[in-house]
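First the structure, in the form of structure tokens, and then the observations on it.
The values are calculated or read from the model by the stated rules, or taken from the named source; none is laboratory data. Just so you know, these numbers come straight off a predicted model, no measurement behind them. When we count neighbours, we look across all protein chains shown, and the Cβ atoms used for this are built from the backbone with ideal geometry, even at glycine.
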Amino acid sequence: MTENTGNRNWRAATNLVHGGTMRSQFGETSEALYLTQGFVYSDAEAAEARFNGENPGYVYSRYANPTVSMFEDRIKALEGAEAARGTASGMAAVNLALMASVRAGDHVIAAKALFGSCRYICETLLPRFGVESTLVNGTDINEWKAAVRPNTKALFLESPTNPTLEVIDIAAVADIAKTAGARLIVDNVFATPLYQSPLKLGADVVVYSATKHIDGQGRCLGGVVLSDEEWITEEVMPFVKHTGPHMSPFSAWVLLKGLETLPLRVGRQTESAGKIADFLAGRPKIRRLIYPGRDDHPQADVAKRQMSGGSTMLAIEIEGGKEAAFRFTNALELIQISNNLGDAKSLITHPATTTHQSIGEEARAELDISDGILRLSVGLEDPLDLLEDVEKALSAI
Ligand SMILES: *Cc1c(COP(=O)(O)O)cnc(C)c1O
């Protein structure tokens, strides 16, 4: 490594192109892909010094890897976090953030409207290891307050939520966490690091599935945990080092390239999503349209306060339940049916029969996920083609 151009006081878009870059002796333009498991030492003394920390450097790619370090430094600068740790997937990041926050006998509070696997960790996995959890209605601040116990160590939420795009007041929940002496972990996937900065709103930890907008082109899985240096060093690093949920250097390289174009892609996708939301609002067959960038969003005031942009996602409730929702979905020609999101390709999903099938009817009713709800992730296609596709599908209901 001869040069580290990373993390000067640049604006976001510049940091996303240059932040964290480490150039080798060859002076490559694009970040090098260090696809290696291990590292060699010039002599036994150098190996000893590397292992006892006297000579900082790389030891083994389960611990750290230069390409992964570049990814971590780049996103760290964007988020304004002291430290970051890349992981194999978004779920590895969520699991890591929770596992590094609790011990047996502790208690976790989480919003009910969670990504399915996150809910599984809180509801099913943590209790197996003696960590109790309470699920609350995230938009009701009093429920968070009432759920706090002396042993509460972590509060966990995502905002906007999947799939109904509820917006939770992060600063208000952060206040409760602070008073309780607990860590607030925010899954910021739907907002992206461009539109919402949970750390600035008082959260302690931010997690991403980099699989979504950060790759944004459907290629690889990845995740990241961002927080303060002390906690990452003392709790997160040892967990990664000894249990192996680390990010692959190949994925880190793909995701570094993804970060370069993140503002362009998310900006364009948001603009198109806004156009589709405006087109659908108030149409006869649309019972409900949920878009965080509109004034008719149920938490529009909170969204305005804590988000600097709308969303690449929108949700609609179609009149006529599952049958009408399926007819609409099947009539789409350009928009693809898939449960992924944040992609260059526009994707639609029917949560009640896919991503939220396993939680059961009762839990779906609690989360307002009726059989008529569809979630649309807007991609990079020409918005006019997307509007034509949606209009045609509406007339097929
Ligand atoms: C996709 C997603 C995850 C899980 O990420 P993977 O990369 O698929 O493991 C977690 N939280 C949210 C909000 C997601 O959308």
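Among the residues of the range 355-387, count how many are loosely packed, with under 15 Cβ neighbours inside 10 Å, part of a helix (DSSP H, G or I) and touching a residue at least 40 places away in the same chain (Cβ under 8 Å). Write out each step before concluding.
Filtering the range 355-387 for residues loosely packed, with under 15 Cβ neighbours inside 10 Å gives 357-358, 360-362, 365-366, 382, 384-385.
In the following step, the residues that additionally are part of a helix (DSSP H, G or I) were identified as 360-362, 365-366, 384-385.
Next cut, touching a residue at least 40 places away in the same chain (Cβ under 8 Å) only: 366, 385.
Going through the range 355-387 one residue at a time, the tally reaches 2.
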Report the residue count in the range 91-113 for those that are buried (at least 24 other Cβ atoms within 10 Å of the Cβ), near the ligand (Cβ under 9 Å from one of its atoms) and not β-branched (V, I, T). 2
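Hey, can you tell me all the residues within the range 216-229 that are surrounded by fewer than 24 Cβ atoms within 10 Å (Cβ to Cβ) and touching a residue at least 60 places away in the same chain (Cβ under 8 Å)?
Kept after step one, since they are surrounded by fewer than 24 Cβ atoms within 10 Å (Cβ to Cβ), are these residues of the range 216-229: 217-221, 228-229.
Within the range 216-229, Q217, G218, L221, D228, E229 qualify.
Take the conditions in contact (Cβ under 8 Å) with a residue 40 or more places away in the chain and either under 15 Å from the mean Cα position of the chain (by Cα) or in a strand (DSSP E or B) (or both) and apply them to L259. Does it pass?
Numbers: in contact (Cβ under 8 Å) with a residue 40 or more places away in the chain: yes; either under 15 Å from the mean Cα position of the chain (by Cα) or in a strand (DSSP E or B) (or both): yes.
Criteria met by L259.
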Among the residues in the range 266-274, are any touching a residue at least 12 places away in the same chain (Cβ under 8 Å), part of a helix (DSSP H, G or I) and not assigned by TED's automatic domain parsing to the domain that holds L347? no
Kindly list, by first and then second residue, each pair from a residue in the range 82-96 that is farther than 16 Å from D204 by Cα and assigned by TED's automatic domain parsing to the domain that holds L157 to a residue that is in a helix (DSSP H, G or I) and within 8 Å of the ligand (Cβ to nearest atom), limited to pairs with Cβ atoms under 7 Å and residues at least 6 apart or on different chains. T87/A93; S89/T211; G90/T211; M91/S117
Does T134 satisfy being more than 16 Å from the ligand (Cβ to nearest atom), part of a helix (DSSP H, G or I) and β-branched (V, I, T)? no
Given (1) more than 16 Å from the ligand (Cβ to nearest atom); (2) in contact with a Gly (Cβ under 9 Å, 6 or more places away or on another chain); (3) under 18 Å from R183 (Cα atoms); (4) assigned to a helix (DSSP H, G or I), L78 misses just (3)
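Within the range 26-53, track down each residue that is acidic (D, E), surrounded by 10 or more Cβ atoms within 10 Å (Cβ to Cβ) and either more than 22 Å from M247 (Cβ to Cβ) or under 29 Å from the mean Cα position of the chain (by Cα) (or both).
E31, E45, E48, listed by residue number.
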Single residue of the range 341-354 satisfying the filter (in contact (Cβ under 8 Å) with a residue 40 or more places away in the chain and surrounded by 20 or more Cβ atoms within 10 Å (Cβ to Cβ)) that is farthest from the ligand (Cβ to nearest atom): S346
Qualifying position, being buried (at least 18 other Cβ atoms within 10 Å of the Cβ) and within 22 Å of L384 (Cα to Cα), among G267, G309, G258, G282: G309
Consider A277 carefully, then state whether it is in contact with a Leu (Cβ under 8 Å, 6 or more places away or on another chain), crowded, with 23+ Cβ neighbours inside 10 Å and free of Cβ contacts under 8 Å to residues at least 60 places away in the same chain. yes
